[in-house]
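So that we are looking at the same thing, I have put the structure below in structure tokens.
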Amino acid sequence: MKHTSIDRKYKTPLGIVTCRLISNSTTIDFIENRTYQNGQSTVYKTSSHFIELIEFKIRIPLYDGKSVTDSQGWIWRITKLQEDSETIELYCKLENTESEIEFDTATGESLDAIEASTADWVLHIGTEDGEVMNFRAKNSDWFPERLQNKVDFYQSITKMERNGFTTNIPDLRLNEKLHIQYICAYDKNSEDIDKSSTWFSVDELKRELESWIGI
């Protein structure tokens with residue numbers, strides 16, 4: 001099974017959230033499927049990287065007892081296997097949307113997020129900000145230690161766009177590892193509903209997600 005990209009699509013009332021990896025490798029080979037306590041993954045190999053894509057739903061109810069209509073999360077775990085040069089880009093964006101959707105930024109401590117809303121629905125897509133990535137680099141926690149201080153509150157390998165995020169994977173060295181996560185959640189939108197539930201749903205730390213998924 002060969003690919004030059006890996007795609008996942010998640011249907012919501014506001015449009016399709018597409019989570020995608022694009023590589024300039026001539027092939028992306030399927031290796032195996034894995035099952036976790038609260039998630040599942042597909043493992044691939046490119047010309048120079050080992051890639052595991054983990055898919056999951058967030059823990060419901062939230063820590064404050066609240067809920068959302070639905071959620072979907074993706075974790076990309078990328079390991080450099082060969083010295084060959086390869087360009088990898090990830091993105092997670094809300095596409096095929098209705099014209100009346102309003103977009104806004106919704107950042108917070110350790111979180112970059114965008115908000116999309118209509119009169120009936122509200123949706124958030126969130127990912128780690130550069131400050132969290134730098135903290136993980138300092139601790140060699142699925143971010144290369146040599147890249148610490150290359151990302152921070154003001155700069156990141158992930159770029160926020162109007163409808164989502166694009167992440168340019170840095171040129172990794174042999175055996176270096178990288179973790180990138182995206183989470184989407186949506187719920188009904190009305191004056192009687194706390195719209196912050198979808199925002200809190202996408203505000204998850206790496207280790208908390210790993211514990212919930214069972215990685």
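The values are calculated or read from the model by the stated rules, or taken from the named source; none is laboratory data. As the structure is a prediction and not an experimental result, all values here were calculated from the model. For neighbour counting, all protein chains shown are included, and Cβ atoms are generated from backbone atoms with ideal geometry for every residue, glycine included.
When LEU111 is evaluated against the numbered criteria (1) out of contact with any Asp or Glu (no Cβ under 8 Å at 6 or more places or on another chain); (2) under 27 Å from SER23 (Cα atoms); (3) surrounded by 15 or more Cβ atoms within 10 Å (Cβ to Cβ); (4) in contact (Cβ under 8 Å) with a residue 40 or more places away in the chain, which criterion, by number, is the only one it fails?
(1)
Let me ask something else. Starting from residues that are part of a strand (DSSP E or B) and within 15 Å of the chain's Cα centre (by Cα), keep the ones in the range 43-66 and report whichever is farthest from GLU204 (Cα to Cα).
By that ranking, first place goes to ILE51.
In addition: Looking at ASP29, ASP7, can you tell me which residue is closer than 27 Å to PRO144 by Cβ and more than 20 Å from the chain's Cα centre (by Cα)?
Unique residue meeting the criteria: ASP29.
Condition (residue is touching an Asp or Glu at 6+ places or on another chain (Cβ under 9 Å) and at pLDDT 95 or above) applied to the range 59-68: is it met by at least one residue?
no
Same structure again: If you go through the range 83-97 one residue at a time, do you hit one that is surrounded by fewer than 17 Cβ atoms within 10 Å (Cβ to Cβ), more than 22 Å from LEU178 (Cβ to Cβ) and of a type outside the set (Asp, Glu)?
yes
Residues to consider are ILE75, ILE31; find the one that is under 24 Å from GLY214 (Cβ atoms), part of a strand (DSSP E or B) and either touching a Leu at 6+ places or on another chain (Cβ under 8 Å) or charged (D, E, K, R) (or both).
ILE75
Within the range 146-187, can you find the residues that are touching a residue at least 60 places away in the same chain (Cβ under 8 Å), within 25 Å of ALA116 (Cβ to Cβ) and assigned to a loop (DSSP other than H, G, I, E, B)?
ASN163
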